[in-house]
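A.B. asks: Got a structure for you, questions after.
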Amino acid sequence: MSPVYPFDDAATARAVVDERGILVEWNEGARRLLGWAPDDVLAAPAAGLLADSSGAAPPDGGRWSGMLTLRHRDGHTVSVWVLAHRRRPQEGGGWLAVTPLEDAVPGDPDDDPLTEAGLVQSPCAVALYDDRLRLRAVNDAMAEVLGVSGDRLRGLRHSEIGAGPQSADIERRMLQVLDTGRPHDVRAYVPVGGDGRTSAWMARLSPITDGAGRVRGVCVAAHDFTEQYRARERLQLVNEASVRIGTTLDVTRTAQELADVCVPALADFVSVDLVDPPEHGGELPIGTLSVPVELRRAAHRSVTPGDPEAVTPPGGTEVYPAASPQGASLLSGHAIVVSENSGDLAKWLAWSPARSLRVGRLGVHSTMSVPIRARGMTLGVAVFTRFAQAARFLPDDVLLAEEVTARAAVCIDNARRYSRERETALALQRSLLPRTLARTAAVTAASRYLPAARAGVGGDWFDVIPLSGMRVALVVGDVIGHGVGASATMGRLRTAVRTLADIDLAPDELLTHLDDVVARMSAEAGDEADGRPGEVGATCLYAVYDPVSRRCTLARAGHPAPVLVPPDGPPRRIDLPPGPPLGLGGLPFESAELDLDEGSVLAFYTDGLVDSRERNVEAGQLLLRETLAEGGESLEESCDRVLHALLPAGSPADDVALLLARTRGLPPSQVATWDIPADPSLVAPVRKQVVDQLGTWGLDLVAFTAELVVSELVTNAIRYGTPPIRLRLIHDDTHLICEVSDTSNTAPHLRRAKTWDEGGRGLLLVAQLTQRWGSRHTTEGKTIWAELNLLGEE
């Protein structure tokens, strides 16, 4: 049913003039005012109705008002007040002119009942004060707000009606209005009822003037905006929660942020209890939790210093049965509110006498338990408690708590998932890194690895690889990226380096082969749909140190150059050709050689150690050299000192690998070398010389085995190799190494001789008699070596 409009179209004179000044509309009220019928004036210029043509020009702007003298149809003039509006183009343009007729509002304005009822029945609370700021009158709305009849309050000051600092402040502002004659706006927050709720009011203090313009009093018009105020407060808390909760990917910190945001804005005490993560990296079940359930206190916060309301300390656990508000909320999946006013607080707390006693002592009157749920899983429960605030929890508070808790739940779940992935990646990283560094006669070494604080574990690695001839390979590398993928890539590269090191490749050759490995890994990680390669890249530094010659050969692929600390000089950066990062392909790698004094320290590291937000790479490398210059007997202490100096916070932005190696030198007395003529008849004298040398070294127990090994290796070199031929024996406390070198590039192969074969059993015999054996190619040819374990022979 359409509404019935009470409009009298004839009570207002209305006309429309287009942009050309032509009258296009003329209503009944205009006819009553000037006597002209619509047919008489429509399509005629509007200026013809003006008694004074000087006002015929259209006004500027979008609105105009003023007095006009118009011509009546019977010839006399009519002076009227006119209000004109410029119409929008979509309305036809031009101007709409209106004026009320004298009988538009019948009756005497002074005796108008609506005018008399305006002050009394206005929904806006109004109070009138005289020039002494004494109350003269209030309407019904203000009397309801004050809670006392206006007749009772007449003659009182505002500070006497509402005692307190807030009322006194409003009275001071009323005095300013009296003195200045300018209105003033104030906000007031007044407790309403006995539940402790606060009502918010906006008051306009306006001067009351007489006909001469003198200020004779103050009008106070107040508007209740409690709902808007509370909605704004709730929105502000939600916005604050969005900013303050989830600043880190730490579960405990995120839970603490939830408690901090809600105290005291929503509650006086907030506790956050979470489910312990499943063992072995499992996932929490979907849906509600079964009760009783054991939860761990992740965080709590109180308005009272010392958190006296806390029954469970942070990190402690407590079992919540179904009879508890926590258990009930977990079972139901929604918030549970209990209060003293409803009489159910004591019943709900009967399950925990200790908690019930503390609640009674502290005056807790209302609690609310909200389950923490995200992605279908229940992560724990947040409990909101009030004791300092007199108001109990209302439905709006429940909605607000659920909203903030839901936002925090997503952040907690993200942090939990990140922590689980980080722990998985870290476990993978630790398993792929060497648990202990290999003990060699060439170097003593110490290492450190630190995962990135935020990005998580990455692909940094280090290794110490024993090589033949008492030599050792020192490796450090860095895979691009972080997480499980980077750790897995690092494991593959570390395995590849060890495999290539086992065939005794030179550092530059090893990096060339490793570059091919990374290129293949990039191709495997690419997108098959568009044929683009993956983003697998790495840097690496590979060094080989020989304790006999005390010579070190190094090559790097896009990796920071190492630092050398001589035993009697300042640390310096080794000038090493940079080389391209691994995976680019097509570019050569260059190696460098340097002689090292015994006791020199080589420092290998990844860029996460020297590059940080606080300083650039050059400054970090300078600080590293200054720290290493402090010396120290223990490499372990040196590692700790370096990390403390360059990473004082202990939380690097990128993961860090550090490897320190102090070189040893093998004295000439532990090395024996013979040049062997290519004559099979001289093998017997060579065996005797070897036995004599072993006797000199006190290694008679391995003389027989060593004699057989030397005989076989020398015989093979004379028969299949190319002169010159050289035999070298090297020993330390644990191993004896026999090496036979010649200039041929052909390497022997281990095979099993058939029953009727007369030869082919030599290398098989060597393999069975020694701990390990192998061959390596050199610039002059090749070397066949075999290693005997002295500890096993004793």
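Every number in this text was worked out from the coordinates using simple rules, so none of it is lab data. Every value quoted in this text rests on a predicted model; they were computed, and no experiment measured them. Virtual Cβ from ideal backbone geometry, glycine too; neighbours counted across all protein chains shown.
A.B. asks: Any idea how far the Cα center of the range 612-651 sits from the one of the range 345-404, in Å?
C.D. replies: The distance from the Cα centre of the range 612-651 to that of the range 345-404 comes to 50 Å.
A.B. asks: Let me ask something else. 7 Å from Cα along Cα→Cβ at both Glu403 and Glu160: what's the point-to-point distance in nm?
C.D. replies: 4.5
A.B. asks: Which Cα, out of Phe384, Ser638, Ser651, lies furthest along the positive dipole direction of the chain (beta carbon charges, K/R +1, D/E -1)?
C.D. replies: The listed residue farthest towards the positive side: Phe384.
A.B. asks: Here is a follow-up. Give me the dipole magnitude in Debye, nearest 20, for the range 117-224 about the Cα centre, with unit charges on the beta carbon: positive for Lys and Arg, negative for Asp and Glu. Could you put the intermediate results ahead of the total?
C.D. replies: Working: 14 positive and 13 negative charges, 56 e Å.
With Lys and Arg at +1 and Asp and Glu at -1, about 260 debye.
A.B. asks: Can you list the residues, at least 5 places off or on another chain, whose amide H is less than 5 Å from the amide H of Ala137, using H built in the peptide plane?
C.D. replies: Residues meeting the amide H criterion: Leu128.
A.B. asks: With θ set to phi - 60°, apply the Karplus curve 6.51 cos²θ - 1.76 cosθ + 1.60 along the range 549-563 and write out the HN-Hα couplings as whole Hz, x wherever there is a Gly or Pro.
C.D. replies: With coefficients 6.51, -1.76 and 1.60, one gets 8, 6, 10, 10, 10, 10, 8, 9, 10, x, 9, x, 5, x, 10 Hz.
A.B. asks: Starting from 0.36 nm per residue, how many nanometres of slack lie between Ser681 and Leu101 once their C-alpha separation is accounted for? Don't skip to the answer; put the middle values down first.
C.D. replies: Numbers: separation 580, 0.36 × 580 = 208.80 nm, distance 14.35 nm.
Value of the extension gain: 194.4 nm.
A.B. asks: From the phi of every residue in the range 616-629, what ³J(HN,Hα) in whole Hz does the Karplus formula 6.51 cos²θ - 1.76 cosθ + 1.60 yield, where θ is phi - 60° and glycine or proline is x?
C.D. replies: Using θ = phi - 60°, the values come out as 8, 5, 4, 5, x, 5, 5, 5, 4, 5, 5, 5, 5, 5 Hz.
A.B. asks: Given labels modelled 7 Å from the Cα in the Cβ direction, how far is it in nm from Ile22 to Val78?
C.D. replies: 2.4
A.B. asks: Put +1 on the Cβ of each Lys and Arg and -1 on the Cβ of each Asp and Glu in the chain; which of Ile718, Gly48, Ala141 then has its Cα farthest toward the positive end of the dipole?
C.D. replies: Result: Ala141, furthest along the dipole toward the positive end.
A.B. asks: I've got another one for you. For the chain, what is the mean residue ellipticity at 222 nm derived from helices alone (per DSSP H run of n ≥ 4: -39500 (n - 2.57); sum divided by total residues; nearest 500 deg cm²/dmol)? Walk me through the numbers on the way to the answer.
C.D. replies: Working: 22 runs with 251 residues, N = 794.
Helix-only estimate at 222 nm: -9500 deg cm²/dmol.
A.B. asks: If you stretched the chain out fully between Gln768 and Asp39, how much longer would it get, using 0.36 nm times the residue separation minus the C-alpha to C-alpha distance?
C.D. replies: Working: separation 729, 0.36 × 729 = 262.44 nm, distance 12.86 nm.
249.6 nm is the gain from fully extending Gln768 to Asp39.
A.B. asks: Tell me which residues come under 5 Å, amide H to amide H, from Ser199 once H is placed; ignore anything under 5 positions away on its chain.
C.D. replies: Val190, Val192
A.B. asks: Could you compute the net charge surrounding Arg214? Neighbours are other residues with a C-beta less than 14 Å from the C-beta of Arg214; K and R count +1, D and E count -1. Mind dumping the intermediate values first?
C.D. replies: On the way: positive: Arg216; negative: Asp130, Asp131, Asp179, Asp210.
Once all neighbours under 14 Å are counted, the net charge is -3.
A.B. asks: Can you compute the FRET efficiency between Ser651 and Arg244 using 1/(1 + (r/R0)^6), with r the Cβ-Cβ distance and R0 = 22 Å? Round to the nearest 0.05. It would help to have the intermediate numbers written out before the result.
C.D. replies: Values: r = 21 Å, r/R0 = 0.95.
The formula returns an efficiency of 0.60 here.
A.B. asks: Return the FRET efficiency for the residue pair Ala388, Arg641: r is the Cβ-Cβ distance, R0 is 56 Å, and the value is rounded to the nearest 0.05. Provide the component values of the computation, followed by the final result.
C.D. replies: Details: r = 50 Å, r/R0 = 0.90.
Using R0 = 56 Å, I get an efficiency of 0.65.
A.B. asks: Taking 1 over the mean of 1/r across every pair of different Cα atoms in the chain, what Kirkwood radius in Å do you get? Please list the in-between numbers first.
C.D. replies: Working: mean 1/r = 0.0271 Å⁻¹.
Value: 36.9 Å, from the Cα pair sum.
A.B. asks: Kindly state, to the nearest 0.05, the FRET efficiency for Ala427 paired with Arg719, given R0 = 56 Å and r defined as their beta-carbon distance.
C.D. replies: Working: r = 53 Å, r/R0 = 0.94.
With R0 = 56 Å, the Cβ-Cβ based efficiency is 0.60.
A.B. asks: Highest mean first, what order results for 577-583, 473-479, 133-139 on Cβ atoms within 10 Å? Please list the in-between numbers first.
C.D. replies: Working: 577-583: 20.6, 473-479: 26.1, 133-139: 19.0.
Result, highest mean first: 473-479, 577-583, 133-139.
A.B. asks: Find the percent of Cα-Cα distances in the range 435-663 that exceed 32 Å, and round it to a whole number.
C.D. replies: Details: 3934 of 26106 pairs.
Tail of the P(r) past 32 Å holds 15 percent of the pairs.
A.B. asks: Calculate one ³J(HN,Hα) per residue across the range 397-402 by plugging θ = phi - 60° into the Karplus curve 6.51 cos²θ - 1.76 cosθ + 1.60, and present them in order as whole Hz with x for glycine and proline.
C.D. replies: With the stated coefficients, the range 397-402 comes to 5, 5, 4, 5, 5, 5 Hz.
A.B. asks: While we're on this one: Check His559: other-chain or 5+ apart residues with amide H under 5 Å from its amide H, H built from backbone geometry?
C.D. replies: Cys540
A.B. asks: For the range 435-663, with only Lys/Arg (+1) and Asp/Glu (-1) charged at the beta-carbon, what is the dipole magnitude about the Cα centre, in debye rounded to 20?
C.D. replies: On the way: 20 positive and 34 negative charges, 83 e Å.
Dipole magnitude for the range 435-663 comes out near 400 debye.
A.B. asks: Report the one residue of Gly491, Ala523, Leu399 whose Cα lies farthest in the direction of the positive end of the charge dipole of the range 385-543 (charges on C-beta: Lys and Arg +1, Asp and Glu -1; origin at the Cα centre).
C.D. replies: Leu399
A.B. asks: How big is the dipole moment of the chain about its Cα centre under a simple scheme where the beta carbon of each Lys and Arg is +1, that of each Asp and Glu is -1, and everything else is neutral? Debye, nearest 20, please.
C.D. replies: Numbers: 79 positive and 106 negative charges, 173 e Å.
Its charge dipole is roughly 820 debye.
A.B. asks: How far apart, in nm, are the 7 Å Cα→Cβ label points at Glu593 and Trp697?
C.D. replies: 2.4
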